[in-house]
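Chemist: My questions all concern the structure below.
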Amino acid sequence: MKIYSQITYPYRKGLLQEMSQHPSIAEILDNGEFRKLARYRHHGFVSCLDHCIDVALLTFSLAVKQGCDSVSAARGALLHDLFFYDWRTGGPRLHGFRHPAIALANARRLFTLNSIEEDAILRHMWPLTPVPPRYRESMLVCYADKAVTCRDYRDSVRGAVSAIKKSFQKTAP
Ligand SMILES: [Fe+2]
Ligand SMILES: [Fe+2]
């Protein structure tokens, strides 16, 4: 199996393998432009690529459990933050409001999308953006994005605290 990104959570490997067996999901994971997301930090120390893959893994597993279109849900999740800038240092003003439309334009340029995938990308910031997701699958992406974002920041804080602790231990007499 290809390693798409650094596997930081043990559960990811098996689920990523299962998810990538679907050709239309593998099409995104193997795409060179999509993989450029690894260059951009997103939340804390987490890259945009890792964030998108984690959102897709959670969305995929929830969609399978709920018996809805897990492939479209996962594709929408993979592409929901498809923008090529570090939003803390560059990109447009009001990034939070504007990046879903930017991600959708990038995704349309690279892939053929169905209406569920388009809705998942465009509506994933709800309720920050006023229009809610239209489909069950896109609501799952919206939920998974928030859950994974909280975890991204929690893990980044933990990592920073443990690095500080280690540096104190090294300097202790
Ligand atoms: Fe986003
Ligand atoms: Fe996101």
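Chemist: Pick from segment 89-101 the residues that are touching a His at 6+ places or on another chain (Cβ under 9 Å) and outside any helix (DSSP H, G or I): which of them is modelled with the highest pLDDT?
Modeler: Only one residue fits best here, namely Pro92.
Chemist: Would you confirm, using the coordinates I've provided, whether Tyr153 is surrounded by 12 or more Cβ atoms within 10 Å (Cβ to Cβ), among the aromatic types (Phe, Trp, Tyr), touching a His at 6+ places or on another chain (Cβ under 7 Å) and not in a loop (DSSP other than H, G, I, E, B)?
Modeler: Working: surrounded by 12 or more Cβ atoms within 10 Å (Cβ to Cβ): yes; among the aromatic types (Phe, Trp, Tyr): yes; touching a His at 6+ places or on another chain (Cβ under 7 Å): yes; not in a loop (DSSP other than H, G, I, E, B): yes.
Answer is yes for this residue.
Chemist: Restricting the first residue to segment 81-97 and requiring it to be at negative phi, which pairs with a second residue that is away from ligand 1 (no atom under 13 Å from the Cβ) and modelled with pLDDT under 90 meet a Cβ separation below 7 Å and a spacing of at least six or different chains?
Modeler: That search, which allows pairs on different chains as well, returns Asp86/Arg41.
Chemist: Hey, can you tell me all the residues within segment 39-84 that are part of a loop (DSSP other than H, G, I, E, B) and within 20 Å of Pro133 (Cβ to Cβ)?
Modeler: First, pick out the residues of segment 39-84 that are part of a loop (DSSP other than H, G, I, E, B): 40, 44-45, 67-69, 80-84.
Within segment 39-84, Gly67, Cys68, Asp69, His80, Asp81, Leu82, Phe83 qualify.
Chemist: From the list Leu104, Leu82, exactly one residue is within 13 Å of ligand 1 (Cβ to nearest atom), under 25 Å from Leu15 (Cα atoms) and modelled with pLDDT of 95 or more. Which is it? Write out each step before concluding.
Modeler: On the way: Leu104 fails: under 25 Å from Leu15 (Cα atoms).
When all the criteria are applied, what remains is Leu82.
Chemist: Given the criterion crowded, with 21+ Cβ neighbours inside 10 Å and either more than 19 Å from Ile28 (Cα to Cα) or within 13 Å of ligand 1 (Cβ to nearest atom) (or both), identify the matching residue among Gly96, Gly76. Even if it seems obvious, please write down each step before you answer.
Modeler: On the way: Gly96 fails: crowded, with 21+ Cβ neighbours inside 10 Å.
Answer to the check: Gly76.
Chemist: For Leu37, which of the numbered conditions (1) touching an Asp or Glu at 6+ places or on another chain (Cβ under 9 Å); (2) within 19 Å of Cys142 (Cα to Cα); (3) within 13 Å of ligand 1 (Cβ to nearest atom) fails to hold?
Modeler: (2)
Chemist: Any idea which of (1) of a type in the set (D, E, K, R); (2) under 22 Å from Tyr40 (Cα atoms); (3) surrounded by fewer than 15 Cβ atoms within 10 Å (Cβ to Cβ) is the one Lys65 doesn't satisfy?
Modeler: Just one mismatch for Lys65, condition (2).
Chemist: Here's something else I'd like to know. Among the listed residues Ser138, Ser162, which satisfies the condition of being free of Cβ contacts under 8 Å to residues at least 12 places away in the same chain and not in a loop (DSSP other than H, G, I, E, B)? Steps first, please.
Modeler: Working: Ser138 fails: free of Cβ contacts under 8 Å to residues at least 12 places away in the same chain.
The unique qualifying residue is Ser162.
Chemist: Same structure, new question: Which pairs turn up if I take residues in segment 52-73 that are of a type outside the set (Val, Ile, Thr) and modelled with pLDDT of 95 or more and look for partners that are outside any helix (DSSP H, G or I) and more than 16 Å from ligand 1 (Cβ to nearest atom) with beta carbon separation below 6 Å, at least 6 apart in sequence or on another chain?
Modeler: What qualifies is Ser72/Asn114.
Chemist: Only one of these conditions is not met by Ala120: (1) within 13 Å of ligand 2 (Cβ to nearest atom); (2) surrounded by 13 or more Cβ atoms within 10 Å (Cβ to Cβ); (3) more than 18 Å from Cys48 (Cα to Cα). Which number is it?
Modeler: Every condition holds for Ala120 apart from (3).
Chemist: Further question on the same structure: Being more than 15 Å from ligand 2 (Cβ to nearest atom), exposed (fewer than 14 other Cβ atoms within 10 Å of the Cβ), of a type outside the set (Gly, Ala, Ser) and closer than 19 Å to Arg41 by Cβ is true for just one of Val131, Val161. Which residue is that? Please lay out each step first, then the result.
Modeler: On the way: Val131 fails: closer than 19 Å to Arg41 by Cβ.
The unique qualifying residue is Val161.
The values are calculated or read from the model by the stated rules, or taken from the named source; none is laboratory data. Everything numeric here is computed off the predicted structure, so don't read it as measured data. Counting neighbours? That spans all protein chains shown, and the Cβs are built from the backbone with ideal geometry, glycine included.
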